[in-house]
Amino acid sequence: MTAYIQPGMPPPPPLASPRNAYILPSTSTQPQPPPRSPTQPPPEPPLPRHHEPDRATLITEWRACHGADWLRADVLHPTIGRMIDARTRPAAIRKRLNKLIGTRLGGYELRGRADGTGKHKTWYYCVDQS
């Protein structure tokens with residue numbers, strides 16, 4: 001069907017395309033934060049999900065609590081467990097301790113060894129003089 005423009009009639013509206021499509025206003029019911037003034041400091045960045053333990057404090061506390069004994073991650077002293085993982089989850093502690101194996105500070109080294117094979121591996125850790 002062809003539309004003919006007659007004198008005195010307004011031109012037809014343009015066809016809808018991604019470039020000139022009408023954008024509807026947001027219908028969100030969530031309140032928007034007020035605009036920040038130029039003198040107000042920027043908001044604090046979010047904290048990471050886990051924190052890296054201070055290695056010097058970790059090795060010092062480990063030596064004070066356990067000496068040079070080989071231990072599993074689930075039998076560590078609670079303060080050491082909380083330094084590594086805030087919720088003291090053994091799997092998370094194991095994962096982070098495995099990344100720290102070989103760390104040397106002040107003449108001491110964090111060591112780890114696995115006993116068993118396959119899915120029955122048990123990891124043991126100690127802080128020993130290097």
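Quick note: the coordinates plus some simple rules give every number you see, no bench work behind them. Given the structure is predicted, the values throughout are model-derived calculations rather than measurements. Heads up, the Cβs are rebuilt from the backbone with ideal geometry, glycines too, and the neighbour counts pull from every protein chain shown.
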So which aspartates and glutamates can LYS95 reach, going by Cα to Cα under 17 Å and dropping same-chain residues fewer than 8 places off? GLU52, ASP54, ASP74, ASP85, ASP115
Per residue of region 101-107, what does 6.51 cos²θ - 1.76 cosθ + 1.60 with θ = phi - 60° give for ³J(HN,Hα)? Whole Hz please, x for Gly and Pro, Karplus curve as stated. 4, x, 5, 10, 8, x, x
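Quick one: length gained pulling SER37 to LYS121 fully straight, 0.36 nm per residue minus the C-alpha distance?
Details: separation 84, 0.36 × 84 = 30.24 nm, distance 5.69 nm.
Length gained between SER37 and LYS121: 24.5 nm.
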Between ILE101 and ASP54, what length in nm is gained on full extension when 0.36 nm per residue of separation is reduced by their alpha carbon distance? 15.5 nm
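With the radius of gyration and the Kirkwood radius both derived from the Cα set of region 55-129, what is their ratio Rg to Rh?
On the way: Rg = 11.6 Å, Rh = 12.3 Å.
Checking Rg against Rh, the ratio lands at 0.94.
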When the Karplus curve 6.51 cos²θ - 1.76 cosθ + 1.60 is applied with θ = phi - 60°, which whole-Hz ³J(HN,Hα) does each residue of region 112-117 get, with x for Gly and Pro? x, 8, 10, 10, x, 9
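Express the relative contact order of region 55-129 as a whole percentage, based on alpha carbon pairs under 8 Å and six or more residues apart in sequence. Provide the component values of the computation, followed by the final result.
Values: 95 pairs, mean separation 25.4, N = 75.
Computed value for region 55-129: 34 percent relative contact order.
Based on the mean of other beta carbon atoms within 10 Å per residue, what is the order of 33-39, 67-73, most packed first? Mind dumping the intermediate values first?
Numbers: 33-39: 6.6, 67-73: 15.0.
Result, highest mean Cβ count within 10 Å first: 67-73, 33-39.
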